[in-house]
Structure formats: C-alpha cells, structure tokens
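Working notes for the structure below.
Each reported figure results from applying straightforward, stated rules to the coordinates on display, with no laboratory input. Note that the structure is a prediction, hence the values are computed from the model and not measured. Every residue, glycine as well, gets a Cβ built from its backbone with ideal geometry; the counts of neighbours run over all protein chains shown.
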Amino acid sequence: MALLTRDVPWPIRGVIAGFAGTAAMTAVYSYLHARRPGAVGVPDAAGIGGKVGLDYDDTGVPGRIAENILHLPSLTDRQAGEMTLAIRWSYGSVFGIAHVVLRSKLGEPRATLFFGGALMSMTLSMFPLLGRTPPPWRWTGDAMVTCLATHAAYIGTAAATDNLLRALTHPKNR
C-alpha cells in the first residue's frame with residue numbers, strides 16, 4: 001500500500017488508468033466471444049487468434065495499419081492479430097495519460113466526456129482512413145454496438161481508475 005500513501009506521478013497514473021481501461025476492453029471482448037460463439041464477425045478482416053472479429057478493433061486491421069505506416073514486410077493474418085494486441089496494450093495504456101491531462105484542465109465529468117469523444121472520433125475516422133474499412137455508417141449494427149460497448153468499458157474504467165488514484169494520493173483534490 002506504500003504506492004497509495006504517496007503521490008503517483010501523473011504520467012504513471014495515466015498509464016495505470018489506460019492499462020486498466022485496456023484490461024476492461026479486453027474483458028468485454030472475451031465476454032462477448034464467450035456469449036456469442038456463432039457470431040459472424042466483420043467482413044473482410046481476419047479476427048484475432050482464430051476467432052471472428054466482432055468489430056474492427058477485434059481484427060488484424062490495427063496491425064495492418066501499423067504495417068502500412070511503418071512500411072513493414074507483409075504480415076500474415078496471425079502476425080497482424082499479434083500486432084493488433086501489441087498496439088491495443090501499448091497505445092491503450094499510454095492513451096490514459098490524455099484523461100489525466102484533461103482531468104487537470106477540465107475537471108469531471110467534462111474530462112471523461114471529452115476523452116471519450118476524442119477516442120470514439122479517432123476510432124470511427126481512423127479505421128476507414130487508414131485501415132480501409134467501410135465508413136462507420138456502413139458497419140453492421142452488431143459491429144457498431146460491440147465497438148461502442150468495448151470503448152465505453154475502456155473510457156469508463158480508465159477515467160474511474162485515474163479518479164480513484166487521484167483521490168487516494170491527493171485526498172484534497174477529489
């Protein structure tokens with residue numbers, strides 16, 4: 001508990017919050033895969049680990065985007081899925097820093113609303129622009145609901161973790 005009795009530097013708090021959000025997002029994907037074993041998945045995108053992709057974040061599309069941006073040699077579907085997971089955990093963890101910064105500037109609930117809006121705007125625009133997916137209004141309803149549910153889990157958990165760590169380490173700044 002020594003960690004909670006002293007100040008946690010804000011970048012570390014953000015990475016912890018982002019990691020917790022990523023864990024929540026991953027847990028929702030696992031739950032949805034377990035509850036919907038016959039799901040069709042998104043068209044034209046290989047899922048991760050031999051499963052169907054329930055939305056584009058659950059496929060090799062993020063890995064393919066990295067492949068193109070970084071000019072990597074052609075990845076297999078398995079490698080693209082592994083790259084997607086590496087991106088999810090690294091980017092997801094670091095993106096939590098954005099909530100910390102927004103929280104210090106805007107306070108709650110505006111910080112979480114802006115954080116969530118920015119994350120969803122990036123998700124819904126970057127996949128069509130960089131990943132060559134259909135635009136969001138052409139996604140299946142199932143893929144859109146999955147996207148919203150998994151990102152809501154990430155956003156809510158990252159924000160709650162940041163706020164909890166802030167309250168535990170800075171009781172006067174609740």
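For the residues A45, A153, A118, a GNM of the chain with alpha-carbon springs under 10 Å puts the largest fluctuation on A118.
Given in Å, the Rg to one decimal and the Dmax to the nearest whole number for the Cα atoms of region 9-173 are 16.3, 52. Derived scalar couplings between HN and Hα for region 29-36 equal 4, 4, 4, 5, 5, 5, 7, 10 Hz in order, rounded to whole Hz, by the Karplus curve 6.51 cos²θ - 1.76 cosθ + 1.60 (θ = phi - 60°), x for Gly and Pro.
Toward the positive end of the charge dipole of region 3-104, with +1 on the Cβ of Lys and Arg and -1 on the Cβ of Asp and Glu, the farthest Cα among L85, T22, Y56 is that of T22. Could you tell me how many degrees, from 0 to 90 and to the nearest 10, lie between the Cα long axis of helix 77-106 and the main elongation axis, the longest principal axis, of the Cα atoms of the chain? Long axis of 77-106 versus the principal axis of the chain: about 30 degrees. Computed over region 9-173, relative contact order equals 36 percent, with contacts defined as Cα pairs under 8 Å that lie 6+ residues apart. Among A152, A23, A39, which one moves the most in a GNM of the chain with springs linking Cα atoms closer than 10 Å? Sorting by GNM fluctuation, first place goes to A39.
Close amide H contacts of A46 (hydrogens built in the peptide plane, cut-off under 5 Å, sequence separation of 5 or more or a different chain): G60. 3J(HN,Hα) along region 117-133, derived from phi through the Karplus expression 6.51 cos²θ - 1.76 cosθ + 1.60 where θ = phi - 60°, amounts to x, 5, 5, 5, 4, 5, 4, 6, 9, 6, 4, x, 6, 9, x, 6, 8 Hz, with x in place of Gly and Pro.
Taking V100, V40, V52 in turn, the Gaussian network model of the chain (Cα-Cα springs below 10 Å) assigns the largest fluctuation to V40. With 0.36 nm allotted per residue and the present C-alpha distance subtracted, the M122-M144 stretch has 6.5 nm of extension available. Angle of helix 141-169 to the longest C-alpha principal axis of the chain, folded into 0 to 90 degrees and rounded to 10: 20°. Each Lys and Arg adds +1 at its Cβ and each Asp and Glu adds -1 at its Cβ; summed about the Cα centre, region 9-173 shows a dipole of about 460 debye.
Given the rule -39500 (n - 2.57) for each run of at least 4 DSSP H residues, summed and divided by the residues of the chain, what is its mean residue ellipticity at 222 nm, to the nearest 500 deg cm²/dmol? Before the final figure, lay out each step's value.
Working: 5 runs with 116 residues, N = 174.
Result for the chain, helices only: -23500 deg cm²/dmol.
Would you please give the FRET efficiency between L70 and S30, computed as 1/(1 + (r/R0)^6) with r the Cβ-Cβ distance and R0 = 25 Å, to the nearest 0.05? Each step should come with its number before you reach the end.
On the way: r = 28 Å, r/R0 = 1.12.
The formula returns an efficiency of 0.35 here.
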